[in-house]
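The values are calculated or read from the model by the stated rules, or taken from the named source; none is laboratory data. Only a predicted model underlies this, so the values are computations on that prediction, with no experimental measurement involved. Cβ atoms come from the backbone with ideal geometry, glycine included; neighbour counts cover every protein chain shown. With ligands, DNA and RNA removed, areas are computed over all heavy atoms of the protein, side chains included. Shrake-Rupley method; radii C 1.70, N 1.55, O 1.52, S 1.80 Å.
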Amino acid sequence: MHLNYHFLKFLCPALNQRFQGQKIVSCFSQSKDELIIETYGEKGESWIRAHLKTPQIYLSFPDQFRRAKRNSINLFPELLNETILSCEVIDFERSFIMKLTSGKLLLFKLHANRSNVIYYEDQKELPTKIFRNEIQEDKKLDWNNLKVYQELSRSRFDELNGNAAQFLPTLGKIPRAWLQERGYPESDLDKKWALMEEIIDILEAPLFALVENSDGVYLSLLPEEDPLYLFSDPIEAVNQLFYLAIVKGNFEKEKNELLKKLNDQLKKTNSYLTKASAKLDELKNSPPPSQLADIIMANLHEFSSSRHEVDLMDFYTGKMVKVKLKPQQKPQEYAAQLYRKNKNRKLEWQQIENTIKNKEAFKTELLEQLSKLEEIHEFKGLKAFKKKEVPEKSLLKSTTSLPFKTFEVEGFPVWVGKSSKDNDEMLRGYVHKDDIWLHARLVPGSHVVVKMKGHASMPTAVLERAAELAAFYSKHKSESLAPVIYTEAKYVRKVKGSPAGSVKVDREKVIMVSPKGPDDEISTP
């Protein structure tokens, strides 16, 4: 109800007492949709803070405010050195005006997502300037037309057959719920009138409660069973509401979002460790591929052009083993493939062990970050934490706002730019110089980056899979085989004035792969 006419009736006299005779010494904005006015006079300094960012529309009137050194812009220079004459609520409206001794005035229009601060020159009907320029209808708003006359007599109530919304449109959600709880819709006309008189009397009492429910903290003029705070001063009430809803509320929201992202990272890390450990156990306990190759080479006579699946005696174990060839594949080719796989077996073994080691270290780091984050209870500490403890910018943004798709290949994060503009943003704001950058050769396509943090080297299989993604997200997508260039990110640079996504690449290498999109083998958030 902090935007409700029935609350503004109490707020404006209190504002009048605080700001009357004060001189406006600055007016500025340091974040989108928030206007701040500084005043000074015999009562010392006083501030007006209008936070009009949908859906968080709040006012506060602090005694002190520290202006940011950067990202701050002066607004409404016509107000400087003007003296405030009065603050007046507009009858039966969610708006109030601040009159100046020169005849100028400011209208504070508190219409939910259409809220605005509007400046009028002397005696002019139409605005000279508005704060939120995107609200086009405000450019032609005559503040005099906002005034409403509302007759609250029994005769009019009877004429409307007790329709509460027509009789008193300013009631708002909370008083309407109060009426409904007491059976207003089903009551006869006399009972309705008694309930209406009772709620009007309650709304005339200067007692303001701050209450919390699942939707957050709100202000109520009604008696509440378990309020967070009770105030008789409307300025104190609205200031505390601003703190709980904007300062503390946004802090809790930001902290919880970061906690969720860190916990998601921890969940993915644990999942990878489980899978990698199982794969390592399988490698250690399964027979080497060279044994099957030996069996095939010793039984070449069992294969023929018409037989692609044969049962052979495994002379290492004494058991029968089934060998199945692909169409057109010769047994010698399959054996050669198994010998190569055997050769790479030890390298793969070592790589998985190294990756598990790195992932364990990353898990320890995540647990430490979560522990530190849980102990933070204010914005300053959260800002320092994000700067010092969370080096990856991607973790600080929601997945939908990131300029790239994210995958993971054998423990390596792989990023794929979403568009030409996003390619530039990813390269400029998220990529480390030691990361590996890939792109389909000589055709338009997404930039692909393999993150190398915590990895001294990258397995060939990871490079090939990232190259397959680069080919898939390019004009080479329909080719059976495509060239992809790759190099360290430090050798990729943007040329001034070049089109979006266009870069200059040094020391590039080329790899040939078949285009392949995401599948179950690579994880996505």
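Without any contact (Cβ under 8 Å) to a residue 60 or more places away in the chain, surrounded by 13 or more Cβ atoms within 10 Å (Cβ to Cβ) and not in a helix (DSSP H, G or I): does that describe Tyr334? No; evaluated as a whole, the condition is false for this residue. Looking across region 345-384 at every residue that is within 30 Å of Ile296 (Cβ to Cβ) and either out of contact with any helix residue (DSSP H, G or I) (no Cβ under 8 Å at 6 or more places or on another chain) or not in a helix (DSSP H, G or I) (or both), the one that is most open to solvent (accessible area, probe 1.4 Å) is identified as Lys346.
The residue that is farthest from Ala461 (Cα to Cα), among those in region 317-329 that are open to solvent by 90 Å² or more (accessible area, probe 1.4 Å) and in contact with a Leu (Cβ under 9 Å, 6 or more places away or on another chain), is Met320. Taking the criterion of being at pLDDT 80 or above, open to solvent by 50 Å² or more (accessible area, probe 1.4 Å) and closer than 24 Å to Ala500 by Cα, the residues of region 385-418 that qualify are Lys405, Lys418.
Listed by position, the strands (runs of 3 or more DSSP E) enclosed by region 33-83 that each have at least 1 residues that are more than 22 Å from Asn113 (Cα to Cα), touching a Gly at 6+ places or on another chain (Cβ under 8 Å) and open to solvent by less than 50 Å² (accessible area, probe 1.4 Å) are 34-41. Taking the criterion of being touching a helix residue (DSSP H, G or I) at 6+ places or on another chain (Cβ under 6 Å), of a type in the set (S, T, N, Q) and at pLDDT 90 or above, would at least one residue in region 55-78 satisfy it? Yes: one or more hits.
In the condition set (1) in contact (Cβ under 8 Å) with a residue 60 or more places away in the chain; (2) in a loop (DSSP other than H, G, I, E, B); (3) closer than 21 Å to Lys9 by Cβ, Gln150 is compliant with all but (1). Look at (1) open to solvent by 30 Å² or more (accessible area, probe 1.4 Å); (2) in a strand (DSSP E or B); (3) free of Cβ contacts under 8 Å to residues at least 24 places away in the same chain and you find that Leu312 fails only one, number (1). Restricting attention to region 49-58, the residues that are touching a strand residue (DSSP E or B) at 6+ places or on another chain (Cβ under 8 Å) and in contact (Cβ under 8 Å) with a residue 40 or more places away in the chain add up to 6.
Only residues that are without any contact (Cβ under 8 Å) to a residue 40 or more places away in the chain and open to solvent by 70 Å² or more (accessible area, probe 1.4 Å) were counted in region 253-279, giving 6.
Taking the condition open to solvent by less than 70 Å² (accessible area, probe 1.4 Å), at pLDDT 95 or above, within 14 Å of Leu442 (Cα to Cα) and among the aliphatic types (A, V, I, L, M), does Val484 pass? Spelling it out, Val484 is indeed open to solvent by less than 70 Å² (accessible area, probe 1.4 Å), at pLDDT 95 or above, within 14 Å of Leu442 (Cα to Cα) and among the aliphatic types (A, V, I, L, M). The one condition from (1) in contact (Cβ under 8 Å) with a residue 24 or more places away in the chain; (2) open to solvent by less than 70 Å² (accessible area, probe 1.4 Å) that Asp91 does not meet is (2).
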